[in-house]
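Colleague: Pasting in a structure now, in structure tokens, and then I'll have a few things to ask.
The values are calculated or read from the model by the stated rules, or taken from the named source; none is laboratory data. Predicted, not measured: the structure shown is a model, and the values here were computed from it. Please note: Cβ atoms are built from the backbone with ideal geometry, for glycine as well, and neighbour counts cover all protein chains shown.
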Amino acid sequence: MTTFPAIDTVAHRVLERVRDAALTPIAEDVIHGRRLDAEQGMTLFRTSDIWTVCSLADLVRRRLNGDVAYYNVNRHLNYSNICALSCKFCAFHRKRDQDGAYEYSLDDIRDEAIKAIDAGATEMHIVGGLHPWLPFEYYLDMLRTIRETAPRVHIKAFTAVEIVHLARIAKRGREKEEGIRWVIRQLKEAGLGSMPGGGAEVFDDRVHSETHRGKISGDQWLIVHRLAHEEGLNTNATMLYGHVETFEDRIRHMQLLRQEQDRTLLDWARTQGACTQTAIDHDGAEHEAVVLTDPATAAAGLQPTSETCSTGYYQTLIPLPFIPDDSELEHLPGPMGLENLRTMCVSRLMLDNFPHIKAFWIMQTLEMAQFMLQNGADDIDGTVVWYDITKVDGAGTHQEVTQRDLQRAAREAGFHPVERDTLYRTVHRDGREWTVDED
Ligand code: V47
């Protein structure tokens with residue numbers, strides 16, 4: 001593994017080699033840890049000087065996470081593809097009487113939990129469609145079954161839209177915050193450990209009505225995550241890009257997430273002494289921002305952990321490139337490699353209060369995810385095994401890589417592979433046995 005030069009030296013070199021003069025003030029802001037605004041985000045999307053964009057993202061990524069590349073040993077479980085919605089970008093959903101429709105029984109779920117233990121998995125990542133008939137008890141029983149069968153495996157489950165659906169079927173009212181909070185508490189008591197970032201798509205009304213009408217709005221998605229944080233659960237966020245949205249939509253999506261994380265982390269930042277700055281909201285108002293990418297904050301290793309933060313928070317953003325195959329939007333081309341790379345970089349640069357940015361290898365391909373480790377991403381997700389939601393280039397449902405594959409990908413990219421658990425604690429492994437570094 002080659003040694004990466006000191007960050008100051010790199011910053012200096014980046015500044016010397018900027019080819020697009022519009023990027024010079026942005027580079028200076030990034031180097032000094034100043035928050036970037038929407039216009040600067042747009043410049044990063046439009047410039048032809050991709051080298052500078054990549055170099056700046058890499059600088060920030062190394063400042064926050066050094067030479068570590070995270071992966072995990074997990075199993076994704078998509079318990080049912082039957083869905084009341086018909087989002088146009090989604091090739092996963094089926095109606096109940098349609099070919100290929102399925103739902104897992106509790107016995108199937110128990111078998112999956114046993115397989116997770118046998119594989120030494122630390123996490124089960126569970127999401128499914130909005131099933132019109134399964135009762136609320138099914139979801140609680142699912143969690144309890146896994147808890148009983150595999151007590152040490154972390155359950156990361158249910159996107160915000162599923163939580164709202166559960167509030168509705170539990171007759172707690174889908175619009176009401178108390179109902180959603182009640183659902184989150186019930187799920188937590190049954191074994192839920194955190195929430196994945198799915199279903200955020202792009203927070204924009206036009207995109208919502210063109211591609212996923214009927215699904216919860218961006219505002220509702222953000223509220224569910226806010227409530228989950230208040231209930232002590234860490235969550236992730238996604239951005240599904242490369243279909244009908246604009247660059248402006250992507251930047252606004254990032255700004256809204258960044259603003260929410262400011263709210264969530266402000267108390268933590270004040271007590272820990274992390275950098276805060278005055279920032280302008282997406283709608284023009286001023287607020288106090290938490291900037292983890294500030295050089296002093298990053299050098300002090302100040303990142304939220306479950307020990308130091310009294311609430312949950314966003315851990316990672318996962319930019320998801322739209323995969324058109326078999327969806328109603330199949331006529332759209334979907335983003336290509338450079339677009340994916342740039343979006344990863346811009347995400348890293350804009351989301352200065354997210355500790356991690358993930359390149360989900362299933363959607364990016366392992367080859368691109370490896371490259372993205374050098375361009376903003378510090379995590380490539382896990383062994384996965386079965387994945388039903390998207391299939392790149394005709395892949396089947398079995399989409400598995402070994403730990404060795406993930407470690408090799410990280411090493412080849414010049415990083416030190418570190419197995420993490422869902423909460424980004426280091427895992428020490430001996431075959432299928434593992435322990436975790438407590439915070
Ligand atoms: O919610 C659906 C998206 C998401 C397509 O939190 C599509 O750690 C691209 O959220 N092309 C599921 N994307 C995946 C997801 C995820 C993945 C890995 C890690 C984490 C995490 C979360 O995939 C869905 C939807 O937004 N999606 N169809 C498509 N055709």
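Colleague: Tell me, which strands (runs of 3 or more DSSP E) wholly within segment 64-171 include 1 or more residues that are among the acidic types (Asp, Glu) and more than 29 Å from residue 203 (Cα to Cα)?
Modeller: Numbers: elements: 68-72, 74-78, 123-127, 154-157.
Output list is empty.
Colleague: Filter segment 230-271 for residues that are within 15 Å of the ligand (Cβ to nearest atom) and over 29 Å from residue 187 (Cα atoms); which is farthest from the chain's Cα centre (by Cα)?
Modeller: Filtering segment 230-271 for residues that are within 15 Å of the ligand (Cβ to nearest atom) and over 29 Å from residue 187 (Cα atoms), the one farthest from the chain's Cα centre (by Cα) comes out as 244.
Colleague: Hey, could you check segment 311-327 for residues that are within 10 Å of the ligand (Cβ to nearest atom) and part of a loop (DSSP other than H, G, I, E, B) and say which is farthest from residue 392 (Cα to Cα)?
Modeller: Only one residue fits best here, namely 327.
Residues checked against (1) within 24 Å of residue 339 (Cα to Cα); (2) of a type outside the set (Val, Ile, Thr); (3) crowded, with 21+ Cβ neighbours inside 10 Å; (4) touching an Asp or Glu at 6+ places or on another chain (Cβ under 9 Å):
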{"residue": "246", "(1), (2), (3), (4)": "yes, no, no, yes"}
{"residue": "260", "(1), (2), (3), (4)": "no, yes, no, no"}
{"residue": "276", "(1), (2), (3), (4)": "no, no, no, yes"}
{"residue": "300", "(1), (2), (3), (4)": "no, yes, no, no"}
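For (1) within 16 Å of the ligand (Cβ to nearest atom); (2) modelled with pLDDT under 95; (3) of a type in the set (Val, Ile, Thr), each residue gets a yes or a no:
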{"residue": "10", "(1), (2), (3)": "no, yes, yes"}
{"residue": "22", "(1), (2), (3)": "no, no, no"}
{"residue": "46", "(1), (2), (3)": "no, no, no"}
{"residue": "69", "(1), (2), (3)": "yes, no, no"}
{"residue": "72", "(1), (2), (3)": "yes, no, no"}
{"residue": "111", "(1), (2), (3)": "no, no, no"}
{"residue": "115", "(1), (2), (3)": "no, no, no"}
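Colleague: In this structure, does residue 24 turn out to be among the hydroxyl-bearing types (Ser, Thr, Tyr) and either crowded, with 16+ Cβ neighbours inside 10 Å or in contact (Cβ under 8 Å) with a residue 40 or more places away in the chain (or both)?
Modeller: no
Colleague: So which of 200, 228, 279, 269 is hydrophobic (A, V, I, L, M, F, W, C) and closer than 17 Å to residue 355 by Cα? Steps first, please.
Modeller: Values: 200 fails: closer than 17 Å to residue 355 by Cα; 228 fails: closer than 17 Å to residue 355 by Cα; 279 fails: closer than 17 Å to residue 355 by Cα.
Sole residue among the options that is hydrophobic (A, V, I, L, M, F, W, C) and closer than 17 Å to residue 355 by Cα: 269.
Colleague: If you check every pair at least six apart or on different chains, which have Cβ atoms under 6 Å apart with a residue in segment 98-110 that is in contact (Cβ under 8 Å) with a residue 24 or more places away in the chain and over 9 Å from residue 82 (Cα atoms) first and a residue that is in a loop (DSSP other than H, G, I, E, B) and aromatic (Phe, Trp, Tyr) second?
Modeller: 104/79
Colleague: Taking into account only those residues within segment 239-254 that are outside any helix (DSSP H, G or I) and touching a Ser or Thr at 6+ places or on another chain (Cβ under 9 Å), which is nearest to residue 314 (Cα to Cα)? Show your work before the answer.
Modeller: Looking only at segment 239-254, we keep the residues that are outside any helix (DSSP H, G or I), and these are 239-246.
Keeping just the survivors that are touching a Ser or Thr at 6+ places or on another chain (Cβ under 9 Å) gives 239-245.
Values: 239: 13, 240: 17, 241: 19, 242: 23, 243: 25, 244: 26, 245: 23 Å.
By that ranking, first place goes to 239.
Colleague: Let me ask another. Identify the single condition in (1) buried (at least 16 other Cβ atoms within 10 Å of the Cβ); (2) outside any strand (DSSP E or B); (3) in contact (Cβ under 8 Å) with a residue 40 or more places away in the chain that residue 411 does not satisfy, given that it satisfies every other one.
Modeller: Status for residue 411: all satisfied but (1).
Colleague: Give the residues of segment 180-210 that are over 29 Å from residue 254 (Cβ atoms) and touching a residue at least 12 places away in the same chain (Cβ under 8 Å), sorted by residue number.
Modeller: Within segment 180-210, the subset over 29 Å from residue 254 (Cβ atoms) is 182, 185-186, 189-191.
Of everything in segment 180-210, those that are over 29 Å from residue 254 (Cβ atoms) and touching a residue at least 12 places away in the same chain (Cβ under 8 Å) turn out to be 182, 185, 186, 190, 191.
Colleague: Please go through segment 361-387 and pick out each residue that is touching a strand residue (DSSP E or B) at 6+ places or on another chain (Cβ under 8 Å), away from the ligand (no atom under 11 Å from the Cβ), not in a helix (DSSP H, G or I) and not aromatic (Phe, Trp, Tyr).
Modeller: Hits for segment 361-387 are 373, 376, 377, 378, 383, 385.
Colleague: May I ask you to list the residues in segment 327-370 that are surrounded by fewer than 22 Cβ atoms within 10 Å (Cβ to Cβ) and among the small types (Gly, Ala, Ser)?
Modeller: 327, 334, 337
Colleague: Could you pull out the residue among 392, 418 that is hydrophobic (A, V, I, L, M, F, W, C), in contact (Cβ under 8 Å) with a residue 40 or more places away in the chain, within 14 Å of the ligand (Cβ to nearest atom) and closer than 25 Å to residue 126 by Cα? Spell out how you get there, then give the answer.
Modeller: Details: 418 fails: within 14 Å of the ligand (Cβ to nearest atom).
The unique qualifying residue is 392.
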